[in-house]
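The values are calculated or read from the model by the stated rules, or taken from the named source; none is laboratory data. As the structure is a computational prediction, the values presented were derived from the model and not from experiment. We place every Cβ from the backbone using ideal geometry, glycine too, and count neighbours over all the protein chains shown.
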Amino acid sequence: MGILETLGGQHVGTGRERQYSAQAVYLAALLLGLGDLGLPIGVLKTIAARLTAQLSRYKEDAELWEEAKNPPKELGRGCIFLGLTVKVDHESAQEATEVEIGIARGEGLKIPQFYLEGNDTIIVRNLTQIFGKVKL
């Protein structure tokens, strides 16, 4: 579907086997859970693009993303969460017209507050928990 960037070409060889970077695998783990919530593929594609751009643009978000992959052993430090708002195009019901993403650390076992504008519904995912299940 073109959501995740492959290593090398996408249509090479005789089969459907593709290789992905470690970053793409972690992104896939997040998107898989969001897909389970019923978000359509077009929305997931927009989320992936916006999140990738945000991680390359904002150092603090990128650092929290990396920390969620390798959390410290001490529980008091808190888990890393992603907050997400999505406004879906009502005509197609397949595309996102607005996506806002926040990444923050919770305090202890508490979920952080997210201040995301423009939408009533916020999806919050525990990145530390999601990434803890990824096996590379």
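In table form, for the structure just shown:
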item	result
Strands (runs of 3 or more DSSP E) wholly inside segment 42-136 that include at least 1 residues being acidic (Asp, Glu) and either modelled with pLDDT under 90 or surrounded by fewer than 19 Cβ atoms within 10 Å (Cβ to Cβ) (or both)	96-105
GLY38, sole failed condition from (1) at positive phi; (2) buried (at least 17 other Cβ atoms within 10 Å of the Cβ)	(2)
